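Read through the structure below, which is laid out as structure tokens, and then see the notes.
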Amino acid sequence: MNHQLYEQDFNLWRETLITQIKEKHFHDIDWEHLLLELDDMGKSEKRSFLSNLTILIAHLLKLTVQADAPEMMKGSWYSSITEHRFRIKKDLQENPSFKNYLHEVIFIAQI
């Protein structure tokens, strides 16, 4: 039942899963899809963090390298830097283990 529900109505599947866990009906849980969703959730969070970090680094570099860029463009970069610093700080507060990914971004930047 849950396997089909996952394919037909994701939100109802999720709500049913939450109820099953709360009521400790572990034998009814759609473990296969639950594990897939947990894995995807982690990947999505990591991608978002790495994207924010990459954009921050790119705009910091642009400010340094393109010092003669028009002020309007610089203003956009400053806004982006502020926004992405906030997002990164929030991500690191919620997921301290994301600090491990800083090296990954630096490594990719060197390629």
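The values are calculated or read from the model by the stated rules, or taken from the named source; none is laboratory data. Keep in mind that this is a model prediction, so the values were computed, not measured. Ideal geometry is used to build each Cβ from the backbone, glycine not excepted, and the neighbour counts take in all protein chains shown.
Just a few scattered comments:
- Picking from residues in segment 15-40 that are acidic (Asp, Glu) and surrounded by 13 or more Cβ atoms within 10 Å (Cβ to Cβ), the one that is nearest to Arg87 (Cα to Cα) is Glu37.
- Count of residues meeting criterion [among the aromatic types (Phe, Trp, Tyr) and outside any helix (DSSP H, G or I)] in segment 20-40: 0
- Count of segment 86-103 residues which are surrounded by 14 or more Cβ atoms within 10 Å (Cβ to Cβ) and in a helix (DSSP H, G or I): 7
- Among the residues of segment 71-111, the ones that are of a type in the set (Gly, Ala, Ser) and free of Cβ contacts under 8 Å to residues at least 12 places away in the same chain come to 4 in all.
- Selection of segment 41-75 for residues being assigned to a helix (DSSP H, G or I), among the acidic types (Asp, Glu) and loosely packed, with under 11 Cβ neighbours inside 10 Å yields only Glu71.
- Of all residue pairs spaced 6 or more apart or on separate chains, those with beta-carbon atoms under 9 Å, a first member in segment 46-70 that is among the charged types (D, E, K, R) and a second member that is assigned to a helix (DSSP H, G or I) are Lys46/Phe98; Lys46/Tyr101; Lys62/Met73; Lys62/Lys74; Lys62/Trp77.
- For segment 95-105, the criterion of being modelled with pLDDT of 90 or more, closer than 30 Å to His3 by Cα and out of contact with any strand residue (DSSP E or B) (no Cβ under 8 Å at 6 or more places or on another chain) is met by no residue.
- Taken across segment 64-75, residues that are modelled with pLDDT of 90 or more, under 25 Å from the mean Cα position of the chain (by Cα) and not hydrophobic (A, V, I, L, M, F, W, C) do not occur at all.
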